[in-house]
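J.: The structure under discussion is supplied below as structure tokens; questions concerning it will follow.
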Amino acid sequence: MSSTDQDPDRLYAAREPIFPRRVSGRYRTLKWWIMGITLGIYYLLPWLRWDRGPSMPDQAVLIDLANRRFFFFWIEIWPHEFYFVAGLLIMAGLGLFLFTSALGRVWCGYTCPQTVWTDLFILTERWIEGDRNRRIKLWKSGWDAHKIRLRVTKMAVWLAISVATGGAWVFYFADAPTLLGELVTLRAHPVAYTTILVLTATTLVLGGFMREQVCIYMCPWPRIQAAMMDEDTLTIGYRDWRGEPRGKHRKAEGAETLGDCIDCNACVNVCPMGIDIRDGQQLACITCGLCIDACDEVMEKIGKPRGLVDYMALSDEGRERAGQPPKPVWKHVFRIRTILYTALWSAVGVGLIVALFVRSDIDITVSPVRNPTYVTLSDGTIRNTYDVRVRNMQGESRLFQISVQPSDLFRVEVEGARNGLVEVPPDAIELNRVYVMAPPGSAAASAQSTDLRIWLLDVEADTRTYKDTVFNGRNAR
Ligand code: SF4
Ligand code: SF4
């Protein structure tokens with residue numbers, strides 16, 4: 001009887017606590033590996049060192065929010081290269097579409113942070129309070145010294161995990177060893193403490209207490225994913241044509257008419273979502289595969305073939321019911337839809353790699369100053385002013401020369417610099433005021449506008465880049 005049945009005035013059922021049982025098997029092992037790798041990457045990545053010269057922290061992965069730059073090992077993304085981030089997001093989206101269309105909710109079941117952290121919280125809970133039956137007993141028992149000790153220990157461990165999770169996040173935004181020192185000596189910026197506090201609270205609440213509620217009620221992804229799945233998508237199901245009618249009493253009269261399911265509830269007891277896969281496909285199922293491991297264990301014990309609960313596609317159901325073998329897995333995976341996703345994903349990936357290799361590590365932006373559009377000097381020379389930003393994307397200081405073309409029509413002066421030579425510090429953008437002048441009586445001086453190219457030369461590397469603009473003459477509107 002549900003809580004709403006008990007109290008007709010209540011609109012919502014109270015949460016039924018779930019105590020997933022420990023299980024071992026192929027999918028559980030896969031989940032352990034993925035959990036270890038993803039958590040390892042998350043916690044340790046900010047501590048990987050990478051030589052970035054004297055002006056930047058020697059950190060392999062760094063988000064420099066102040067200068068809107070992103071460092072990933074040898075790759076540096078500057079604000080004007082945001083298309084790299086957009087490309088990576090598109091690839092992540094297409095990758096998700098690809099995996100969902102081939103293997104259903106594998107993202108949810110194996111790699112989603114909510115799943116990984118919930119798994120970690122359940123693991124520690126099991127270490128401290130015991131497996132399913134002991135946890136249920138403890139939950140039902142009254143408060144005594146034993147229960148208080150276990151609950152306090154669990155909360156302390158959960159809190160430590162949550163603080164470590166929030167702490168690891170801020171290390172991506174500054175030099176990790178320096179920030180750690182500042183954090184423990186209470187010299188860090190208040191934003192760092194606030195971020196850790198917020199992430200500690202969300203990790204603890206979402207991973208420790210809300211768990212499956214996040215997937216069922218808060219996350220929009222299960223609703224969207226259904227649109228990407230079709231009858232060939234491999235997802236988790238129960239072979240009811242083999243399992244039914246279910247029954248426990250194998251030795252009783254008429255047992256020979258029973259199916260393979262012995263109604264042991266092992267698949268339900270291991271499910272972190274608390275559902276029964278024998279009821280059919282459900283929105284709550286994150287396709288973690290733990291019910292497969294549990295049922296395979298049971299099938300082995302009773303001498304039946306594995307796979308009563310298994311990855312399967314809807315299109316195979318009819319075939320299997322008719323006694324035919326299911327289609328090979330590769331036929332489910334390689335379909336027009338998945339090939340299209342793979343092609344798009346690869347095209348974006350190749351485009352990004354090409355863009356990465358052909359990009360220049362110097363850059364200029366040119367903003368003409370249009371108030372006024374031109375100035376007439378005492379000798380009749382027409383002068384235009386430009387704000388030229390020179391971007392040095394290398395770890396050492398570099399000397400640049402600013403020049404203009406056509407050089408026979410114009411003369412150039414850079415404010416505060418001789419011969420157009422400017423030195424730009426490492427990993428910096430330098431704003432220069434540039435004056436371009438056309439001699440009195442020249443064609444450019446009297447024309448409405450003349451095309452102008454502003455060149456930037458890296459003096460030592462002898463590499464050049466340019467930006468096109470216009471020069472406004474006396475007849476400019
Ligand atoms: S039904 Fe099976 S696959 Fe789905 S969430 Fe539960 S244990 Fe995981
Ligand atoms: S684990 Fe297998 S045998 Fe046991 S209830 Fe689930 S489907 Fe039936």
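Computed from the coordinates by the stated procedures, all read-outs in this text should not be read as laboratory data. Predicted model only: the values in this text are computed from it and were never measured. Quick reminder, even Gly has a Cβ in these numbers, built from the backbone with ideal geometry, and neighbours come from all protein chains shown.
J.: By what distance, in whole Å, do the Cα atoms of the chain stretch along each of the three principal axes, largest value first?
T.: Principal extents (Cα only, largest first): 116, 59, 49 Å.
J.: HN-Hα J couplings of region 283-291 from phi, Karplus 6.51/-1.76/1.60, θ = phi - 60°, integer Hz, Gly and Pro as x?
T.: These are the phi-based 3J(HN,Hα) values: 4, 6, 6, 9, 6, 7, x, 5, 5 Hz.
J.: Let me know the shape class of region 16-227, please: from the alpha-carbon gyration tensor, a ≥ b ≥ c as square roots of the eigenvalues, rounded when a/c is under 1.5, otherwise prolate if a/b is greater than b/c, or oblate. The partial results should precede the final answer.
T.: Working: a/c = 2.37, a/b = 1.37, b/c = 1.73.
Taking the square roots of the gyration eigenvalues as a ≥ b ≥ c, region 16-227 is oblate.
J.: Hey, could you get me the Stokes-Einstein D for region 159-237, Kirkwood radius over alpha-carbon pairs, 25 °C and 0.890 mPa s, rounded to whole µm² s⁻¹? Kindly include the intermediate steps, with their values, before the conclusion.
T.: Numbers: Rh = 15.2 Å.
Calculated translational D: 162 µm²/s.
J.: Could you list, bin by bin from short to long, the percent of Cα-Cα pairs of region 336-420 in 10 Å steps?
T.: The distribution over region 336-420 is 12, 29, 22, 16, 12, 7, 2, 0, given as percents.
J.: Please list, in order along region 186-203, the HN-Hα scalar couplings obtained from phi with the Karplus expression 6.51 cos²θ - 1.76 cosθ + 1.60 (θ = phi - 60°), rounded to whole Hz, x for Gly and Pro.
T.: Once θ is set to phi - 60°, the couplings for region 186-203 become 6, 10, 6, 5, x, 4, 5, 5, 5, 4, 4, 4, 5, 5, 4, 5, 5, 4 Hz.
J.: Sort 234-246, 382-394, 62-74 by the packing proxy (mean of other Cβ within 10 Å over each peptide's residues), most packed first. Provide the component values of the computation, followed by the final result.
T.: On the way: 234-246: 17.8, 382-394: 20.2, 62-74: 14.5.
Result, highest mean first: 382-394, 234-246, 62-74.
J.: Also, quick follow-up: Got a sec? Charge dipole of region 362-477, +1 on Cβ for Lys and Arg, -1 for Asp and Glu; which of 385, 402, 454 is way out at the positive end?
T.: The listed residue farthest towards the positive side: 385.
J.: For the residue pair residue 218 and residue 340, what label-to-label distance in nm results when each label sits 7 Å from Cα along the Cα-to-beta-carbon direction?
T.: 3.4
J.: A follow-up question, please. Can you list residues whose amide H is under 5 Å from residue 381's amide H, if they're 5+ apart or on another chain and H is modeled 1.01 Å from N?
T.: HN-HN under 5 Å from residue 381: empty list.
J.: Can I ask one more? To make sure I understand the rule: partners must be aspartates and glutamates, Cα under 16 Å from the Cα of residue 137, and not fewer than 8 residues away in the same chain. Which ones qualify?
T.: Answer for residue 137, where 16 Å is the Cα cut-off: 16, 125, 129, listed by chain and number.
J.: Assign one of three labels to region 230-327, namely rounded, prolate or oblate, based on the Cα gyration tensor with a ≥ b ≥ c the square roots of its eigenvalues; rounded applies when a/c is under 1.5, prolate when it is not and a/b is larger than b/c, and oblate otherwise.
T.: Values: a/c = 1.97, a/b = 1.23, b/c = 1.60.
Because a/c hits 1.5 or more and a/b fails to exceed b/c, region 230-327 counts as oblate.
J.: Length gain on complete extension for the stretch residue 320 to residue 401, per 0.36 nm per residue less the alpha carbon to alpha carbon distance? List each step's numbers first, then the result.
T.: Working: separation 81, 0.36 × 81 = 29.16 nm, distance 7.43 nm.
Full extension from residue 320 to residue 401 adds 21.7 nm.
J.: Quick one: Cα centre-to-centre distance for region 309-386 and region 197-242, in angstrom?
T.: About 27 Å separates the Cα centre of region 309-386 from the one of region 197-242.
J.: Need one number for region 362-472: average projected area of the convex hull over its C-alpha atoms, nm². Please report the intermediate quantities before stating the final value.
T.: Working: hull surface 26.5 nm².
Over every viewing direction, the Cα hull of region 362-472 projects on average to 6.6 nm².
J.: Could you tally the net charge around residue 171, taking each other residue with its Cβ under 14 Å from the Cβ of residue 171, Lys/Arg +1 and Asp/Glu -1? Don't jump to the answer; show the numbers that get you there.
T.: Details: positive: 49; negative: 58, 64, 175, 182.
Net charge in that neighbourhood comes out at -3.
J.: Subtracting the Cα-Cα distance from 0.36 nm times the residue separation, let me have the gained length for residue 48 to residue 435 in nm, one decimal.
T.: Values: separation 387, 0.36 × 387 = 139.32 nm, distance 4.57 nm.
Contour length minus the Cα-Cα distance gives 134.7 nm.
J.: Would you please put 455-461, 291-297 in order of how densely packed they are, using the mean number of other Cβ atoms within 10 angstrom per residue and starting with the highest? Don't jump to the answer; show the numbers that get you there.
T.: Details: 455-461: 16.6, 291-297: 24.9.
Descending mean neighbour count gives 291-297, 455-461.
J.: Using only alpha carbon pairs under 8 Å that are at least six residues apart, calculate the relative contact order of the chain and give it in whole percent.
T.: Relative contact order, the chain: 14 percent.
J.: With the crude spin-label approximation of a point 7 Å out along Cα→Cβ, what separation in nm comes out for residue 246 versus residue 347?
T.: 4.7
J.: Moving on to the next point. Using a Förster distance of 51 angstrom, determine the FRET efficiency expected from the C-beta separation of residue 16 and residue 468, and round it to 0.05. If you can, show how the numbers build up before the last one.
T.: Values: r = 67 Å, r/R0 = 1.32.
About 0.15, to the nearest 0.05.
J.: When only Cα pairs under 8 Å and 6 or more residues apart are kept, what is the percent relative contact order across region 269-409?
T.: Details: 83 pairs, mean separation 16.5, N = 141.
Computed over region 269-409, the figure is 12 percent.
J.: Indicate the gyration tensor shape class of region 334-375 (rounded, prolate or oblate), computed on the Cα atoms with a ≥ b ≥ c the square roots of the eigenvalues: a/c under 1.5 is rounded; otherwise a/b larger than b/c is prolate and the rest oblate.
T.: Values: a/c = 10.96, a/b = 2.97, b/c = 3.69.
Oblate, because a/c is 1.5 or more while a/b does not exceed b/c.
J.: Please sort 189-195, 207-213 by packing, taking for each peptide the average over its residues of neighbouring beta carbons within 10 angstrom, highest first. All intermediate terms of the calculation are to be shown ahead of the outcome.
T.: Numbers: 189-195: 13.0, 207-213: 19.3.
Peptide ranking by packing, descending: 207-213, 189-195.
J.: I've got another one for you. Subtracting the Cα-Cα distance from 0.36 nm times the residue separation, let me have the gained length for residue 143 to residue 408 in nm, one decimal.
T.: Once the chain is fully extended between residue 143 and residue 408, it gains 86.3 nm.
J.: Between residue 358 and residue 30, what is the label-to-label distance in nm when each label sits 7 Å out along the Cα-to-Cβ direction?
T.: With each label point 7 Å from Cα toward Cβ, the separation is 3.9 nm.
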